[in-house]
1. Label residue 204 and residue 72 with points 7 Å out from Cα along Cα→Cβ: what is the distance between them in nm?
2. For the range 171-218, just say rounded, prolate or oblate: build the C-alpha gyration tensor, square-root its eigenvalues into a ≥ b ≥ c, call rounded for a/c under 1.5, and beyond that prolate if a/b exceeds b/c, oblate if not.
3. Quick one: which residues, 5+ away or cross-chain, put their amide H under 5 Å from the amide H of residue 150? H built at 1.01 Å from N.
4. At 7 Å along the Cα-to-beta-carbon direction for both residue 145 and residue 40, put a label point, then send me their distance in nm to one decimal.
5. Count the lysine pairs in the chain whose Cα atoms sit under 28 Å apart, keeping only pairs 8 or more residues apart in sequence or on different chains.
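Any read-out appearing in this document is the output of simple, stated calculations on the displayed coordinates, not a laboratory observation. Please read all numbers here as calculations on a predicted model, not as lab measurements. Using ideal geometry, Cβ is built from the backbone for each residue, glycine included, and neighbour counts are taken over all protein chains shown.
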Amino acid sequence: GRIGCDDLGEEISISVCPPGLAAEKKTAASGFVLILPYLEMQPLFDQLDVADGGLWNRNVDDLGWYYNQDKNRGIKEIIPVMVCPSELSDAISHVYAPVDAATSSYAFSSGSKGPGFTREEVRYFNNGLFVYVASRRAKEVNDGLSNTFMMGEVVLSDTKESSNTWSYSRAHADCLRTTLNPLNTWPGKGETDFEQRNGAFGSFHPQGAVFSFADGHLQFISDDIDLAAYQALSTIDQGELNGS
């Protein structure tokens, strides 16, 4: 295969070249950063100023972005709408010390490919709404917006095994999760990556968790949902509308 670099600057062997960006454009800023203006938080979006100097960018100047005081303060902002009332995690995570950042109770759905799949499959070629680099359009969601997860709840956002800082996007953790493991698989359990992250959704609510679907409706999903059905809800083209 060909040789490329992932978003941490590590060399990887790839048989199919994933969509690429110049190193200085690989910011790893999350989707939550992009929607700040729609949450009436334009000043915070401007403060983070991802276009100038990046955010969570380890490819260029390593932690240079974090030493920018506006960005440093910005990622520590606690955003109430991103924190569930049942949240037990610390508001500030120290997982990526010296970088400290505010946590969140929610993560976007990348699909059903999680730990055990290749980095390329998980990051660039997953089957859910949110993947690295590429944008999904509504017309690509062949299963229907009302049948497709947009985001769901997570637990223990301040821990390494289940890190979830709202400003960062990272496979199996920070704002990007999958349905490979059953709902409410505890952090560190089930199928995990080399950092013991399972990328699972979960909550402290009894017997399930709340998900937001691509059409905007919220739904409580029970722990006892059939795994195949659960995984199908996280994909954009599994065939739900056709009954397959």
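1. Placing both labels 7 Å beyond Cα along the Cβ direction yields 3.1 nm.
2. oblate
3. Here 212, 213, 214 satisfy the definition.
4. Using points 7 Å along Cα→Cβ, the separation is 2.3 nm.
5. Lysine pair count for the chain: 16.
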